[in-house]
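Let me begin by presenting the structure, written as structure tokens, before commenting on it.
The values are calculated or read from the model by the stated rules, or taken from the named source; none is laboratory data. These figures come from a predicted structure and were not determined experimentally. Ideal geometry is used to build each Cβ from the backbone, glycine not excepted, and the neighbour counts take in all protein chains shown.
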Amino acid sequence: MRIFPTARGPAFRGVAVALVLAVAGASALAGPDDATDPLLRLLADKGVLVDKASRVEPVPAVEPDARPASLLRQVQDGASRLTSAAMDLVGVRYRRGGDSIETGFDCSGFTRHVVEMSLGLVLPRRVDEQAIAPGLVTVRRDDLRPGDLVFFNTLKRTFSHVGIYVGDNRFIHSPRSGSSIRTEDMNFAYWSKRFTGARRIEAKGSVEPALELPAAPAAAAGS
């Protein structure tokens, strides 16, 4: 009488493999429910054969997106550098005509310094000239993004004060004599009614670099 091994060890699996190879190919691939051969049912019960319906197909690996960074991503990165550079200057004192950390900044000196340090671009010195600088794109207030320049009429001139939008309806600027660089809420009545426009630097190189203009009188540089 032929005796099959009862343990699920190597000896049993060797016998099982030999038996499977002896069975016709079509029957060997059948699921346990379809098998009419008692041997195939036995092997399925012992876990040697796997029901096709219960097989788990491997999930193909997803290839990472190897495309270069989009222009939008470059713009976002530039805006992030710009706003970070601006926030690093919070607390630096105001000085009319000032354009350095050592001396302090007026409003346009502040925006000019931040744009140059973060993006390598040099804006004109005066507020009204920054508002019409080549390469800056006009944006609506409800389309503001961090890094946009925001302009205000504080001296009865359309563009007499400038700051940098940092998000959440706030902007950072160098306000006036006796104060220091800080953030403000644009929804505050004083700023809301004096807002006159915003400009965006779309990409690095869009503003002509290092084009020096004659020094502006202190009174015209901005508030």
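Things worth noting here:
- Residue in region 105-117 that is under 19 Å from residue 93 (Cα atoms) and among the aromatic types (Phe, Trp, Tyr) present: yes
- The set of residues in region 92-128 being in a helix (DSSP H, G or I) and either outside the structural domain of residue 79 (by TED's automatic domain parsing) or among the hydrophobic types (A, V, I, L, M, F, W, C) (or both) consists of 107, 110, 114, 115, 117, 119, 127.
- Residue 137 vs. criteria part of a strand (DSSP E or B) and modelled with pLDDT of 95 or more: yes
- Within region 89-120, considering residues that are in contact with a helix residue (DSSP H, G or I) (Cβ under 9 Å, 6 or more places away or on another chain) and of a type in the set (Asp, Glu), the one modelled with the highest pLDDT: 106
- Selected residue (only one of 147, 167, 163 is surrounded by fewer than 18 Cβ atoms within 10 Å (Cβ to Cβ), within 19 Å of residue 81 (Cβ to Cβ) and touching a residue at least 40 places away in the same chain (Cβ under 8 Å)): 167
- Among the residues of region 161-172, those identified as under 14 Å from residue 147 (Cβ atoms) and in a strand (DSSP E or B) are 162, 163, 164, 165, 166, 167, 170, 171, 172.
- Among the residues of region 148-168, just one is under 26 Å from the mean Cα position of the chain (by Cα), within 15 Å of residue 107 (Cα to Cα) and among the small types (Gly, Ala, Ser), namely 163.
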